[in-house]
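To start, the structure under review is shown below, and the notes come after it.
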Amino acid sequence: MIDLHTHSTCSDGSDTPSQIIAKAAQLGLKAVALTDHDVVDGLAEFQSAAKAYPDLIALNGVELAVSWPDADVEILALNITHAAPFAERQQLLLQKRNEANFERVRLLQKIGFDITMEELSRDQNGQPRKVVGRPHFAELMLKKGYVSSFQEAFRKYMLEGCPAYVPRQNPPLRETVEFIRANGAFASLAHPVHTKMDNDKLAVFLKKIKGYGLSGVECYHSDHSPEQICSYLEMARKIGLYPTGGSDYHGLVHPDTQLGIGKGGLQVPDSILDPILNGARCMPARRMKQER
């Protein structure tokens with residue numbers, strides 16, 4: 001079993017990269033990938049910790065937010081072998097994210113919330129955060145009693161049409177996929193269920209972005225039902241994309257989602273790993289004919 005979608009304290013998770021490695025080894029996973037939101041700061045620690053577990057394959061990754069009309073789309077870059085270009089890119093992304101965070105603070109203060117960027121910029125242990133995202137706003141709002149749950153913080157204050165909504169300024173999807181491919185990593189559409197596209201629309205979308213260089217689609221995910229997993233696997237096969245999968249583990253931030261098993265029944269098979277490790281771009285036509 002493997003898990004190719006996890007988040008650490010370097011973005012919006014509660015476990016350090018080292019803790020994720022230790023937990024993956026304890027669970028007996030064959031492979032685990034660190035895929036923090038937009039940043040690669042945790043990869044050095046991740047790889048250093050993995051040296052203590054020679055039987056565990058540790059894949060460098062990142063989850064990149066992109067802009068696409070009328071859909072929430074994120075792309076996973078898996079098996080990153082050259083992190084420097086991703087690190088350079090993240091500086092531009094973080095600048096835009098910081099601008100959005102300051103605007104969100106201003107809007108919350110405008111409606112009477114006592115929330116500052118100084119508070120948001122430090123974790124529960126007082127350590128500086130490398131990335132501040134909306135979950136950290138929700139965490140602080142919950143701590144101060146402004147909301148009764150993470151869901152309320154988003155639903156009532158931070159989603160589109162709410163008092164503290166700030167539009168995302170993400171890079172274009174095509175540019176992002178081409179960047180991933182140009183730098184030798186494997187590009188996969190993350191959690192297709194989050195796009196809120198029906199299967200017909202999703203299939204058209206996947207065919208289009210396969211042309212940009214997309215190699216895979218995250219068929220296995222904690223938020224996918226068994227029926228959706230089967231549907232996405234069949235769609236990937238027909239289009240010629242490789243399946244990827246992971247729990248989207250965030251530690252205590254999402255306590256219902258566990259490393260390796262997601263919400264209890266997730267099983268990502270080892271067999272999907274080879275194309276990712278071998279740098280496959282799309283499923284060969286010969287294989288497609290065999291599987292029809």
Cβ-based net charge around residue 190, under 9 Å, with every Lys or Arg adding one and every Asp or Glu removing one: -4
Cα-centre dipole for segment 149-219 with unit charges at Cβ (Lys and Arg positive, Asp and Glu negative), debye to 20: 120 debye
Just to compare against my own numbers: the Cα pair-distance distribution for segment 1-121, 10 Å bins, whole % per bin, please. 13, 37, 29, 16, 5, 0
Provide 55, 270, 15 in ascending order of the number of other Cβ atoms located within 10 Å of each residue's Cβ, fewest first. 55, 270, 15
For a footprinting-style exposure proxy, rank 10, 230 by other Cβ within 10 Å, fewest first. 230, 10
Under a Cβ-only charge scheme (Lys and Arg +1, Asp and Glu -1), can you give me the dipole magnitude of the chain about the Cα centre, in debye to the nearest 20? 680 debye
Relative contact order for the chain: what is it in percent, counting Cα pairs under 8 Å that are at least 6 residues apart? 21 percent
Which of the lysines could a cross-linker bridge to residue 51, judged by Cα under 17 Å and excluding same-chain residues fewer than eight apart? 23, 30
Roughly what % antiparallel, to the nearest 5, for the DSSP beta bridges in the chain? 45 percent
Taking all pairs of distinct alpha-carbon atoms in segment 85-192, Kirkwood radius in angstrom: 15.5 Å
At what distance in angstrom do the alpha carbon centres of segment 211-241 and segment 1-24 lie from each other? 23 Å
Convert each backbone phi in segment 61-69 into a coupling constant with the Karplus relation 6.51 cos²θ - 1.76 cosθ + 1.60 (shift: θ = phi - 60°), then list the ³J(HN,Hα) values in order as whole Hz, x for Gly and Pro. x, 7, 10, 10, 6, 9, 9, 7, x
Cα-projected label distance for residue 263 with residue 114, points at 7 Å along beta-carbon direction, nm: 3.7 nm
Overall Cα dimensions of segment 155-292, principal axis frame, Å, largest first: 53, 35, 30
In terms of the charge dipole of segment 44-185, which places +1 on Lys and Arg and -1 on Asp and Glu at the beta carbon, the residue among 93, 142, 107 farthest towards the positive end is 107
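Could you give the dipole magnitude of segment 57-136 about its Cα centre, charging the beta-carbon of Lys and Arg +1 and that of Asp and Glu -1, in debye to the nearest 20?
I would put it at about 180 debye.
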With 10 Å bins from 0: P(r) over the chain, alpha-carbon pairs, percent: 6, 28, 36, 23, 6, 1, 0
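Helix-only mean residue ellipticity at 222 nm, the chain, DSSP H runs n ≥ 4 weighted -39,500 (n - 2.57), per residue, nearest 500. What is it?
On the way: 11 runs with 112 residues, N = 292.
Rounded to the nearest 500, it is -11500 deg cm²/dmol.
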Expected sort for 139, 175 with the fewest Cβ neighbours (10 Å cutoff) up front is 175, 139
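Values quoted throughout were computed directly from the atomic coordinates according to the rules given, and no laboratory measurement underlies them. What you see is a predicted model; the values in this text were computed from it and never measured. All Cβ positions, even for glycine, are placed from backbone atoms using ideal geometry, and neighbour counts span all protein chains on display.
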